[in-house]
Amino acid sequence: FTNWTAVQNGTHIKRCSTAMTGDQVHSNDTLSGLVTVVPAPVIDVGVIAIVAPTGTVDSGTVVTPKARVRNFGNNAATFPVKLTIDTGYTNTQTVTNLAPGDSVEVSFASWTAAPRGTHVTRCSTALATDQNHANDTLSGSVTVRVKDIGVVGINKPAGSYGSGEIVTPAATIRNYGNVPAGCEVWMLLANPTDSLYYSDSVNVANLDTANNVLVNAFRPCTLQLLGDWTAKCSVALAGDAHLDNNVLTGGFAVRPP
């Protein structure tokens, strides 16, 4: 007979008959039976989302990478899932017996956010008999944010001043990070007896990356006691990634007029 293509799922009746002229026994001319058409096996798993890391994270943050995968097929599947970040991170986990049509969130080994900048993330499934590779891989990105403001120099007071001279403290700070940030800048002056003589703070808002700013809005100070003084400038920024550049100390002198 000509070929038949099993298309419609379900149970169907099949019937075969002979038609010979003059046949004397018709009881055996026809035979019937059943054939069942079942769905063809579909083997297909894929990645539907990279859950973490995404967006922007602070440098040094410990993140648990996560991705969601789905079984698009009609049979349960067990398969490996790999997540990579272009910082050199790679980790593989195994999804076991994922039911048809179901999805699951896969957690990977921890990743410490570094270095600064935007990095490519990539998650992929690796089912050996997968019939559709178009959904096996998904890429994304994460930006590692570095908040870092430091003191570049103490502009004033510096050098020598006469007793009774009035000076307005000033300092230069820099945004060493990769995002604009604001901070609080403090100026402290200690007299020759090492006693705190002066303190004041100024707020700096939205300092752009790789930019310096001269902070000179401190209140004036009258220098009186003769001798060698100490000036200390510091910045306070929540989440500052590098504290080693937050404080700078300098010296100056007060001499007779």
Given a 10 angstrom Cα cut-off, can you work out which residue in 69, 167, 81 is the most mobile in a GNM of the chain? 167
If you count only protein heavy atoms with a 1.4 Å probe, what accessible area per residue comes out for the chain, rounded to a whole Å²? 56 Å²
Cα extents of segment 141-230 along the principal axes, largest first, in whole Å, come to 59, 20, 19
Roughly speaking, what is the centre-to-centre gap between segment 118-145 and segment 194-240 when only Cα atoms are used, to the nearest Å? 49 Å
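When you have a sec, figure out the Kirkwood radius of the chain from all distinct Cα pair distances and drop it here in Å to one decimal? Can you show the working numbers first?
Details: mean 1/r = 0.0400 Å⁻¹.
Evaluated over the chain, this radius sits at 25.0 Å.
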Among 47, 213, 144, whose mean-square fluctuation peaks in a Gaussian network model of the chain (Cα, cutoff 10 Å)? 213
Can you return the lysines within cross-link range of residue 66? Criterion is Cα-Cα under 22 Å, with same-chain partners fewer than 8 residues away left out. 82
Which loop-located chymotrypsin sites (Phe, Trp or Tyr not before Pro) does segment 1-82 contain, where loop means any DSSP state but H, G, I, E or B and the Cβ has at most 10 other Cβ atoms within 10 Å? 1, 4
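How many percent of the accessible area of the chain is carbon or sulfur, using a 1.4 Å probe? Kindly include the intermediate steps, with their values, before the conclusion.
Numbers: 7400 of 14310 Å².
C and S fraction of accessible area: 52 percent.
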Using a Gaussian network model of the chain whose springs link C-alpha atoms within less than 10 Å, name the residue from 52, 67, 158 with the highest mean-square fluctuation. 158
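The values are calculated or read from the model by the stated rules, or taken from the named source; none is laboratory data. Please read these numbers as outputs of a predicted model, since none were measured by experiment. Cβ: placed from backbone, ideal geometry, glycine included. Neighbour counts: every protein chain shown. Heavy atoms of the whole protein, side chains included, go into the accessibility calculation; ligands, DNA and RNA do not. Shrake-Rupley method; radii C 1.70, N 1.55, O 1.52, S 1.80 Å.
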